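Reviewing the structure listed below.
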Amino acid sequence: MILNKKQLRKKMIETLQSFSKEEKLEKEQKIHQKLLNFIEENDINSVGLVLSMPHEMDTWPIIEHLKENGVKLYAPKSDYVTKGMNFYEVVDREDLLTDDKGILIPDDTNELNNSPELLIVPGVIFNEKGYRTGYGGGFYDRFLKGFNGLKISALFDEQFGEVIVESHDIPVDLLITPTKTINAKENRLND
């Protein structure tokens, strides 16, 4: 049976939700360390990243560590009417709001920066060429059309799977998992 994007997405979310608390934490800690090392080694001073949902990799340890080290952090606020997205500075946890869909967002009176040096792009399913299946809104693909910085995704190894690539999909450059770092941009060039 051939599955469509919606079915593939649902199946992967079920897989992510099946991790035990301990298993998820162990995997997250490995990803966090690799991601933080990458950011430090590349002297990155501004990062855009999502404020994670419970089944996703927890981004708070990354936010806290980077803020302590002077890196500016920006998180998205989506406009569900225009399907657009803007990134506003994350000042602190108490500063966050919840949007109409129950997603944590930064205060839009904070500094706007749609051009951080690095954007950590979320997703549900990935392939080794950096293409991803997100949550179906197309917000990141629209945003990435005008983004010129480095695009990476931090994910669990279990998130590799079938990605139905469409003409509007924009891939990331690098994939970081608990067990490997994949140069997706190079994989696309060698195809």
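Before moving on, here are some points about what is shown:
Each row is one residue, and each column tells you yes or no for (1) in a helix (DSSP H, G or I); (2) open to solvent by 70 Å² or more (accessible area, probe 1.4 Å); (3) modelled with pLDDT of 95 or more; (4) over 22 Å from residue 172 (Cα atoms).
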| residue | (1), (2), (3), (4) |
| --- | --- |
| 43 | no, yes, yes, no |
| 47 | no, no, yes, no |
| 52 | no, no, no, no |
| 58 | no, no, no, no |
| 77 | no, no, yes, no |
| 88 | no, no, yes, no |
| 94 | yes, yes, no, yes |
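- In this entry, residue 63 is excluded by the filter for residues that are surrounded by 18 or more Cβ atoms within 10 Å (Cβ to Cβ) and either touching a Lys or Arg at 6+ places or on another chain (Cβ under 6 Å) or under 23 Å from residue 8 (Cα atoms) (or both).
To keep it simple, each residue is scored yes or no on (1) out of contact with any His (no Cβ under 7 Å at 6 or more places or on another chain); (2) closer than 25 Å to residue 11 by Cα; (3) of a type in the set (Val, Ile, Thr).
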| residue | (1), (2), (3) |
| --- | --- |
| 26 | yes, yes, no |
| 38 | yes, no, no |
| 53 | yes, yes, no |
| 82 | yes, no, yes |
| 96 | yes, no, no |
| 109 | yes, no, yes |
| 118 | yes, no, no |
| 127 | yes, yes, no |
| 131 | yes, yes, no |
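- Criterion: within 25 Å of residue 4 (Cβ to Cβ), out of contact with any strand residue (DSSP E or B) (no Cβ under 9 Å at 6 or more places or on another chain) and of a type in the set (Phe, Trp, Tyr) - qualifying residue of 143, 160, 139, 156: 156
- Restricting attention to the stretch 105-118, the residues being part of a strand (DSSP E or B) and open to solvent by 70 Å² or more (accessible area, probe 1.4 Å) number 1.
The values are calculated or read from the model by the stated rules, or taken from the named source; none is laboratory data. Keep in mind the model is a prediction, meaning the values are calculated, not measured. Cβ atoms come from the backbone with ideal geometry, glycine included; neighbour counts cover every protein chain shown. We work out accessible area using only protein heavy atoms, side chains counted, and drop any ligands, DNA or RNA first. Shrake-Rupley method; radii C 1.70, N 1.55, O 1.52, S 1.80 Å.
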